[in-house]
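Colleague: First the structure, which I've put down as structure tokens, then a few questions once you've had a look.
The values are calculated or read from the model by the stated rules, or taken from the named source; none is laboratory data. From a predicted model like this one, the values you see are computed outputs, not experimental measurements. Because the Cβ atoms are built from the backbone with ideal geometry, glycine has one as well, and the counts that use them run over all protein chains shown. When the accessible area is computed, the model is the full protein with side chains, heavy atoms only, and any ligands, DNA or RNA have been set aside. Shrake-Rupley method; radii C 1.70, N 1.55, O 1.52, S 1.80 Å.
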Amino acid sequence: MRIASGAFVALLLSFIFAGTALTGSEIPDLKGTWTGDFTIVRTTPRSGAGPNPLAFTKPGFQTAKGVTYVIDKQEGPVFSGTESYGKSKQTVVGVIRHNNKKVYMVDRYGTLVGKIVTPDTMQLVYLENSAHGQVAAQGTITRNSSTKQAETPKR
């Protein structure tokens, strides 16, 4: 019986340590310049919505090439920066989920939900519902290696 309980404890500890390795205990550093292309669909703006301040103005399906995110501030899992495409530039704020694999961001008009695929690649989904129409988009952004912040050693 003692051998079986020892084996159980060893098995339990291996699952605990394997789980820690899979989720990653280090919060990813997202600072830098990220760029990518998005596939988008937009509905027609509501009547009386006024001028559209957004970069994606025409209804229907389209591709946005060269969407850029510059994440210049990060404290632990929370971060901020700018999002730009064409003439549009706005602030984004975000958070890295506890598992260090998912990100959530908000800009002035919509929400981004994403997955950290590698330290320099994220897949994002954008959703917006405003007077200027609904937007759904998805894309992959990659970090420009020359803008990646130097890693600070953990003490």
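Colleague: Does region 50-68 include one or more residues that are in a loop (DSSP other than H, G, I, E, B), at negative phi and modelled with pLDDT of 85 or more?
Modeller: no
Colleague: Checking Leu112 against (1) surrounded by 14 or more Cβ atoms within 10 Å (Cβ to Cβ); (2) under 10 Å from the mean Cα position of the chain (by Cα); (3) farther than 14 Å from Thr68 by Cα, which single condition isn't satisfied?
Modeller: Condition not satisfied by Leu112: (3).
Colleague: Restricting region 85-98 to residues that are at pLDDT below 95 and among the hydroxyl-bearing types (Ser, Thr, Tyr), which is farthest from Gly66 (Cα to Cα)?
Modeller: That would be Ser88.
Colleague: If I filter region 60-77 down to residues being among the small types (Gly, Ala, Ser) and under 18 Å from Ala137 (Cα atoms), which single residue comes out as least open to solvent (accessible area, probe 1.4 Å)?
Modeller: Filtering region 60-77 for residues that are among the small types (Gly, Ala, Ser) and under 18 Å from Ala137 (Cα atoms), the one least open to solvent (accessible area, probe 1.4 Å) comes out as Ala64.
Colleague: Return the only residue of Val93, Val125, Val135, Val103 being within 11 Å of Leu30 (Cα to Cα) and in a strand (DSSP E or B).
Modeller: Answer to the check: Val103.
Colleague: Every residue in region 106-121 that is assigned to a strand (DSSP E or B) and touching a residue at least 24 places away in the same chain (Cβ under 8 Å), please.
Modeller: The answer is Gly110, Ile116.
Colleague: Out of everything in region 116-147 that is among the β-branched types (Val, Ile, Thr) and in contact with a Ser or Thr (Cβ under 7 Å, 6 or more places away or on another chain), what residue ends up being least open to solvent (accessible area, probe 1.4 Å)?
Modeller: Checking each candidate, the answer is Ile141.
Colleague: Turning to a different aspect of this structure: In region 78-88, what count of residues is obtained for those that are open to solvent by 50 Å² or more (accessible area, probe 1.4 Å), under 19 Å from Val113 (Cα atoms) and not aromatic (Phe, Trp, Tyr)?
Modeller: Residues in region 78-88 being open to solvent by 50 Å² or more (accessible area, probe 1.4 Å), under 19 Å from Val113 (Cα atoms) and not aromatic (Phe, Trp, Tyr): 1 in total.
Colleague: Can you run down the residue pairs with Cβ atoms below 6 Å, 6 or more apart or on separate chains, where the first is in region 11-38 and of a type in the set (Lys, Arg) and the partner is modelled with pLDDT of 95 or more and surrounded by 15 or more Cβ atoms within 10 Å (Cβ to Cβ)?
Modeller: From region 11-38, the pairs are Lys31/Ile71; Lys31/Gln74.
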